[in-house]
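Here's the structure we're looking at; comments come further down.
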Amino acid sequence: MERSPTRPANLALVQEFDLPFQSQRYGTVPDSAWKMRKLGQHWATFDTLNATIGQGFMLVSPLQLAVMAARIASGRHPSLTMMRNTPQPPLRYRPEHLAIVREGMNLVVNGAGTAVRSKLHSKGCRWPGRPAPHRFAKSKEPSGAVRRPPKFRDHGLFICFAPVEQPRYAAAVVIEHGLGGGASSASRH
């Protein structure tokens, strides 16, 4: 049996927030115990690969994704309220590891990555991001194919923060049936 990935140090993916939204739900970050409990199946290597890139049984909301982007950007647990000058506790990740993730997100948009179409052409403002499709497996057409019936096309997801040097804003964009993160949710076209 393959071991499941280590649970994240709460980057908001399994967190429910104290906000007045009725539709808010907690997320699922699957592991071997979850898969056995829910499906009666052992964890496999492909489950680790899917979970690592945020696909497979992973389930998160746009709010959870935006908070995760804010935590990556700041290295802290930012508050969802407008309480300025309140120190927020740091994440349990080493700063140099978060710096690698931030630079990777920067290169995805501002380098030669999969979201270069979303690059801002404004002087002095760069935003790093990460596009991702949410895959559907209910069609025989290739993943993301335009020929799929619209209700079975992949969703487009994109998370970002800005500006890259001193982040102040974080966001998550979801385009239902938008075919992919770089193709729809991160694109300005």
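The values are calculated or read from the model by the stated rules, or taken from the named source; none is laboratory data. The shown structure was predicted, so the numbers you read here are calculated from the model rather than taken from an experiment. Surface accessibility is based on the protein's heavy atoms, side chains included, excluding ligands, DNA and RNA. Shrake-Rupley method; radii C 1.70, N 1.55, O 1.52, S 1.80 Å.
Some observations on this one:
- Using 0.36 nm per residue and subtracting the Cα-Cα separation, the extra length available between residue 45 and residue 76 on full extension is 8.0 nm.
- Apportionment of accessible area to carbon and sulfur, region 34-84, percent (1.4 Å): 64
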